């Protein structure tokens, strides 16, 4: 008889179709909406500036960023499947730790930079227009590609699913995000972006904590990190982990019902420290910004007006 404590970490990483689609869908929704808002800001600026001729360069950059994201995603999802045994666990562990570092940096950076993101993008676009079309495409590529790489890294937890369900969920989430962003641009949909990004940011931090724990357990399995036999506790009998809710908990958040002491300690420490940094109020600390200080201290809501259709309507 197989108990949950005997199940490999790879199985706990992606339990079933529901957890794979649900978890990757939420990631796609959050990151897709971020990318869509960036594109909306760039497009609105060009339309308002009567530079519709440069839109093709924006879409070229966006297309290249999407292609890069898909490539990174496929490498992460299927590259590991060509290696088996402890080699696969080692790669999964290293990739997970790298992903956590990069993703944490990006999430905290976005929290701090979101207030002034719109103004920065418009300023960079103005400079890119003076340089040429390739500069416009590069700006769009970097702006969208940043979100794309973050999305692909968040999918590390599904790397051993060996199915297309994580990709399916991701695509569904991105499509929903695109529809919401279009509705916002057209003035048909309005949401509180500050609350949306705060709540989903917390979700992503919990997901990243699970990826960290998953990576540590994988490296302990290989023997690169000690403490595999030191179990913190055993929750395998707390409830039915094979039920849909148990599989979602394991599949989305990479929760291990029998974590090691180091695995659980790292998970808890990450949650406490990163959440504290994320929830810390953003303060305008640049005295040189002058009049922009007030707008930069208002966090994400300043982005919302930029995604409306006001610039487009003014030219019709």
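Peptide packing: for 43-55, 227-239, the average count of neighbouring Cβ atoms within 10 Å per residue gives the ranking 43-55, 227-239, highest mean first.
Grab the beta carbon distance between residue 56 and residue 279, set R0 = 41 Å, and tell me the FRET efficiency rounded to 0.05. List each step's numbers first, then the result.
On the way: r = 41 Å, r/R0 = 1.00.
That pair, residue 56 with residue 279, gives E of 0.50.
Please report how far the C-alpha centroid of region 170-239 lies from that of region 123-150, rounded to the nearest whole angstrom. Using only Cα atoms to place each centre, the spacing works out to 28 Å.
Between residue 49 and residue 192, what FRET efficiency follows from the Cβ-Cβ distance if R0 is 25 Å, with the result rounded to 0.05? So, using R0 = 25 Å, E works out to roughly 0.35.
Each value in this text was obtained by applying a stated rule to the coordinates, not by laboratory testing. Being a predicted model, the structure only gives us computed values, none of them experimental. Using ideal geometry, Cβ is built from the backbone for each residue, glycine included, and neighbour counts are taken over all protein chains shown.
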